[in-house]
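Encoded as structure tokens, the structure appears first; notes follow it.
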Amino acid sequence: MNQPDRPLQHEVTLLELVDRVLNKGVVLSGDITLSVAGVDLVYVGLRLLLASAGTVERLQDSDETRLLAPAASSR
Amino acid sequence: MIHVYAIAEGLAELPHLTGIDGADLDRLELEGLDVVFSDLDEDTGVDEEAVLQHAVVVEALMERCDAVLPGRLGPRFAGVHAVAAAVEAQAGQLRDALDRVEGCVELGLRVLEPPQASSGHAPRSGTDYLQARLAQRRETARRALELHEPLSRLARASTTREGQGRGEVLDAAYLLAAQEVDRFREELGRLEESERDLNFVVTGPWPPYSFAAAEET
């Protein structure tokens, strides 16, 4: 774990995103839900990363937790 | 197969982006709602690239709309007519949800206990061990509530999931107006100062994924 913090933060953010996109968000009734292969692995990865997040100091002090383009907050 | 990225209000123009698997973005205007979707090949799977492309479209819509309900990746419709029927049947609820999230973003918070160093004295029996575990769980739940309560007071809405074990004290999302984010971060900073033995993992601002489903909490 000699990597700087940034890749870990990026990974945590990515997994948080996956969690949101696959498990949250609006669902319209009447749709067909695809089975999503490989998602269990994503959760295993998320747990492992969060366990190691203890080594990342003050993650939220960094703007690097934003993965994508600025959203409404920057309007 | 129709994949819905989001349901929005006040969309002037579609973002100049391609969707999942290079598909075009399209829109359906129904009852004052804008449904943004792509028509995908049946065998287009759900993988990391699809997750990212979905998220990029949702973020772009956040910049162009008054309110956005991010869709979930996975559900698909047989055709545009099926989407239209579903949206019309739920138009009222969707509008309520859009009102709730208008101008808002979400912040994610996980609070973790650092991996425990062994306390030195081994438990004397199985019962001792279990009782210690139970006491620890109760203490964790108490702390989670203590952290969540002042934060939820600053938020328009909040959701929590039971910690998933492995030292996870709190897993929560908070819905905040864009201009309330700084104030919320200050409170987070204050809590973090006073709870130095816990690790705070804050992500966002996100589009309001956790508040898009009709009336969860």
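Readers should treat all values here as calculations from the given coordinates under stated rules, not as data from a laboratory. Bear in mind the structure is a predicted one, so any value in this text is a computation, not a measurement. Note that each Cβ is placed from the backbone with ideal geometry, even for glycine, and that neighbours are counted across all protein chains shown.
Going by average Cβ density within 10 Å per residue, which order do the peptides B:145-151, B:48-54 take, highest to lowest?
Working: B:145-151: 15.7, B:48-54: 18.6.
Descending packing order for the listed peptides: B:48-54, B:145-151.
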* Residues of the stretch B:14-33 with amide nitrogen under 19 Å from the 7 Å Cα-to-Cβ point of residue B:85? -> B:28-31
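Per residue of B:168-176, count partner chain C-beta atoms within 10 Å of its C-beta, then hand back the mean as an integer.
On the way: counts 3, 0, 0, 2, 0, 3, 0, 0, 1.
The shielding value for this peptide is 1.
Please find the FRET efficiency linking residue B:12 to residue B:48, where r is the Cβ-Cβ separation and R0 is fixed at 35 Å, and quote it to the nearest 0.05. Provide the component values of the computation, followed by the final result.
Working: r = 31 Å, r/R0 = 0.88.
FRET efficiency, residue B:12 to residue B:48: 0.70.
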* Asked: When the Karplus curve 6.51 cos²θ - 1.76 cosθ + 1.60 is applied with θ = phi - 60°, which whole-Hz ³J(HN,Hα) does each residue of the stretch B:90-97 get, with x for Gly and Pro?
  -> 10, 4, x, 4, 5, 5, 4, 5
* Asked: Which whole-percent values make up P(r) of the stretch B:46-111 when all C-alpha to C-alpha distances are grouped in 5 Å steps starting at zero?
  -> 3, 14, 17, 22, 24, 15, 4, 1, 0
* **Other protein chain Cβ atoms within 10 Å, averaged over every residue that makes up B:101-111** => 3
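Among the trypsin sites (Lys or Arg not before Pro) within the stretch B:82-154, which fall in a DSSP loop and have no more than 16 other Cβ atoms within 10 Å of their own Cβ?
Details: sites: B:95, B:100, B:110, B:124, B:133, B:137, B:138, B:142, B:143, B:153; in loops: B:124.
Taking the stretch B:82-154 and a limit of 16 other Cβ atoms within 10 Å, the loop trypsin sites (Lys or Arg not before Pro) found are B:124.
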* Structure fact -> For peptide B:61-70, the mean count of other chain Cβ atoms within 10 Å per residue Cβ is 3
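Using 0.36 nm times the number of residues separating residue B:137 and residue B:96, minus their current alpha carbon distance, what extension gain do you get? Write down the numbers at each step before the final one.
On the way: separation 41, 0.36 × 41 = 14.76 nm, distance 3.72 nm.
Gain in length upon complete extension: 11.0 nm.
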* Under the Karplus relation 6.51 cos²θ - 1.76 cosθ + 1.60, θ = phi - 60°, what is the ordered set of whole-Hz ³J(HN,Hα) values for the stretch B:10-22, x standing for Gly and Pro? -> x, 8, 6, 8, 5, x, 7, 9, 9, x, 4, 6, x
* To do: With no solvent and one equal point scatterer per Cα, compute the Debye intensity ratio I(q)/I(0) for chain B at 0.12, 0.18 Å⁻¹ and report its log10, rounded to two decimals.
  => -0.74, -1.21
